[in-house]
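The values are calculated or read from the model by the stated rules, or taken from the named source; none is laboratory data. On a predicted model such as this, the values are computed, not experimentally measured, just so you know. No Cβ is skipped: glycine too gets one built from the backbone with ideal geometry, and neighbour counts run over all protein chains shown. Ligands, DNA and RNA are excluded from the accessible area calculation, which covers all protein heavy atoms including side chains. Shrake-Rupley method; radii C 1.70, N 1.55, O 1.52, S 1.80 Å.
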Amino acid sequence: MKNTITALRNAGLVVMPIQVSKKPTLTGWAKPTFSYEVEDHKENHKHLGIITGKASGGLEVIDVDSKILKPELVNAFKSNFIELLMTFDVEQELSIYETMSGGLHVLYRCENYAGNMKICHAKDGTTKDPNSKEALLETRGQGGYVVKYDNHIAGY
């Protein structure tokens, strides 16, 4: 874990420990000056969070919550989404990771990052729960974070 933390820090990313519930274990992480020292890492922290926005050099993430879709739509949605992204010359500009719940995180850096925003909701009839208010696509920017996953799909 310490090697992973060091590699992420060397890439200009700010990380923090995350509980199994995906909640940060530290306070003050949303401050642009937050830093987490490798020496402070405790082995009982199961996950790492990557802080988005200014702290990580303008890192922004598109969070694809495909788990809200009907199961028969998930694979087609994800493969079409990735294929669409790759039709643009962005392969060296972003990284795509599959999340533990089967969604996607699309990581990229930009100069005009925003806060956390809901981009779109799924159409009626496409979600497992017809009353779901969860967004299909959201951003994580200033004041946000994502859990780090190892299932790299595409990009640098």
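Asn44 meets all of the listed conditions (1) modelled with pLDDT under 85; (2) within 30 Å of Leu136 (Cβ to Cβ) but one, namely (2).
Of the residues in region 104-113, none is under 15 Å from Asp65 (Cα atoms) and over 12 Å from the mean Cα position of the chain (by Cα). Inside region 1-29, can you point out the residues that are touching a residue at least 40 places away in the same chain (Cβ under 8 Å), in contact with a strand residue (DSSP E or B) (Cβ under 6 Å, 6 or more places away or on another chain) and of a type outside the set (Val, Ile, Thr)? Across region 1-29, the qualifying residues are Leu8, Leu13, Met16, Lys22, Pro24, Trp29. For Val146, the conditions (1) touching a His at 6+ places or on another chain (Cβ under 9 Å); (2) farther than 24 Å from Gly12 by Cα; (3) not small (Gly, Ala, Ser) all hold with the exception of (2). Within region 46-102, the set of residues being among the small types (Gly, Ala, Ser) and touching a residue at least 40 places away in the same chain (Cβ under 8 Å) comprises Gly49, Gly53, Ala55, Ser56, Gly57, Gly58, Ser66, Ser95.
Scanning region 66-84 for residues that are crowded, with 19+ Cβ neighbours inside 10 Å and under 16 Å from the mean Cα position of the chain (by Cα) gives Ser66, Lys78.
Taking first residues from region 122-144 that are closer than 18 Å to Gly102 by Cβ and in a loop (DSSP other than H, G, I, E, B) and partners that are among the small types (Gly, Ala, Ser) and open to solvent by less than 30 Å² (accessible area, probe 1.4 Å), the Cβ contacts under 7 Å between residues at least 6 apart in sequence or on separate chains come to Leu136/Ala122.
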